[in-house]
Every structure is written in structure tokens, then in C-alpha cells.
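In what follows, a single structure is set out as C-alpha cells and then discussed.
Here, each number is a calculation from the coordinates, and none is a lab measurement. Note that the coordinates shown come from a computational prediction; the quantities given were computed from them, not determined experimentally. Here Cβ is always computed from backbone atoms with ideal geometry, including for glycine, and neighbour counts include all displayed protein chains.
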């Protein structure tokens, strides 16, 4: 087992099973980023390429970096299958990009990735450091206490999980504008170069919500940990019921055997 708890968390399951339901929204995000031929893009916390692959398909030169080696391997396999020589994936930590040079990328993007890395001030500093002057950083961050899907999954899961270690900074703090401003200010970016908007990311699968819950239970690290803790306390069925009620309530597909769930996130755009 890895000694890095963040790496262990994301290698624990198989996030590609969740990522498969995110492809359509990943494409939509990239469409709004202006990923054109020759643009140098870093995708931090890239998973198996939900945004990296469509950016490369538009001609951008993309490097995906993720803490989970299984997702790096899956991303490289996807890029190879698509014949994308301009898209590569490698293992790395968003809070320490020591092997990447200063002022390298035109665009640094992180959709629900870098927010989970430890040491958020280091994450902001590193993103700014590797972005060229005039380049952009775009983050998608889940919002604490938001009523939509992912914030509620994490909230419910945390209620069944042991308390985090001392000094732990919740990834959800990236969904608070004041924290984002503070972190980038410490990295030398003034507030007027930072813009915020609320956007929607939709999870879609041709299966019922209960089957989608099973994917989170079996393959999504934070939920897997919550179920393990709940099992020890004899509360697995209770956690299962809470999540199934959430997924059923949020489902907008209009049919019983398909799932379409919108989730609100904070989009952060930084001009370096």
C-alpha cells in the first residue's frame, strides 16, 4: 500500500467506472476552454482523461497528471486507442510539480482533481508557477453543503467515516470563493484576475440510480471508505439507503432505468 494517503484513496477503487458517466460534460467543459491546435495544456488530477482526451482531440498538446497510477495507465491506454500522440499521462502530485518547468503551459485545467490534493496553498502556487504569463488556470470545484449530488455524497460519506487526521484541510474548501482568492493571492495573483461562476456537470448512465450508487460504493475511494467504516458500525444498510434516496431524488432522466444527475460546481478562472 502506498505511503501517500491521497494516492491510496484514489487507487483504492477504479474511478474509470465513475468517469465513464462524465464524458459528455467533460466534452462540454473542453468546448468552452478554447482548446485549439498547439495550445499547451496541463490537466491536473486528470483521472483517465475526461477533459484531457477531448482537449487533445481538438489539437491541444496535453499532459495529464494524476496521483493514481492506475488512472494514469488508463489515460495512456485511452490516448493510444484514440491515436493521440499529443496526449500523455504521468504520475504526479498537484501540490508538488517539481519535475515541470516554470512558465510552461498556456492553460492549466483541473476538474474536481487538484481540489483533493493536500496543502492547497502549495497547489495554487504550483499551478501559477507552471502557467506562462498571460496564461489561464481553470478549476472546477465542488461546493460545500451544495444540495446537488457530489457535495451530498461527500457529506453523507463523511458522517459515516472516522474523523480526518489533525491538520486535514477539506477539499470542499476549494468551493468557497474567499478561500480561492486567499490561496491565489498567496501565489501572487491579485483578486481582479480571478473570476467565479456556478456551472453544472451532469452524470449520465443508461442504468437506474441504484446501479449508479453501487458504482460509487464499489469504485469511488471516499464512498468505499465510508462503507468500510459503516460496516464496522453495523450501519451499511443505513448508508446504502441514504445514498439511494439521494440518487433517486436527484435523477432527472425521466425514466426508471436511466440516470441523469446534474451537479453544481464552482468554476474558477485565473489569468496569470
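Structure summary
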| read-out | value |
| --- | --- |
| Matching residues, region 85-125, being surrounded by 24 or more Cβ atoms within 10 Å (Cβ to Cβ) and assigned to a loop (DSSP other than H, G, I, E, B) | 94, 113 |
| Residues within region 27-49 that are outside any strand (DSSP E or B), touching a strand residue (DSSP E or B) at 6+ places or on another chain (Cβ under 7 Å) and under 20 Å from residue 114 (Cα atoms), tallied | 7 |
| Hey, residue 180 within 22 Å of residue 135 (Cβ to Cβ), more than 18 Å from the chain's Cα centre (by Cα) and surrounded by 14 or more Cβ atoms within 10 Å (Cβ to Cβ) or not | no |
| Checklist (1) closer than 23 Å to residue 252 by Cβ; (2) without any contact (Cβ under 8 Å) to a residue 24 or more places away in the chain applied to residue 185, failing item | (1) |
| One residue from 246, 266, 239 being in contact with a strand residue (DSSP E or B) (Cβ under 6 Å, 6 or more places away or on another chain) and either buried (at least 21 other Cβ atoms within 10 Å of the Cβ) or touching a residue at least 60 places away in the same chain (Cβ under 8 Å) (or both) | 266 |
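To keep it simple, each residue is scored yes or no on (1) under 20 Å from residue 51 (Cα atoms); (2) out of contact with any strand residue (DSSP E or B) (no Cβ under 6 Å at 6 or more places or on another chain); (3) without any contact (Cβ under 8 Å) to a residue 60 or more places away in the chain; (4) assigned to a loop (DSSP other than H, G, I, E, B).
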| site | (1), (2), (3), (4) |
| --- | --- |
| 63 | yes, no, yes, no |
| 78 | yes, yes, yes, no |
| 141 | yes, no, no, no |
| 152 | no, yes, no, no |
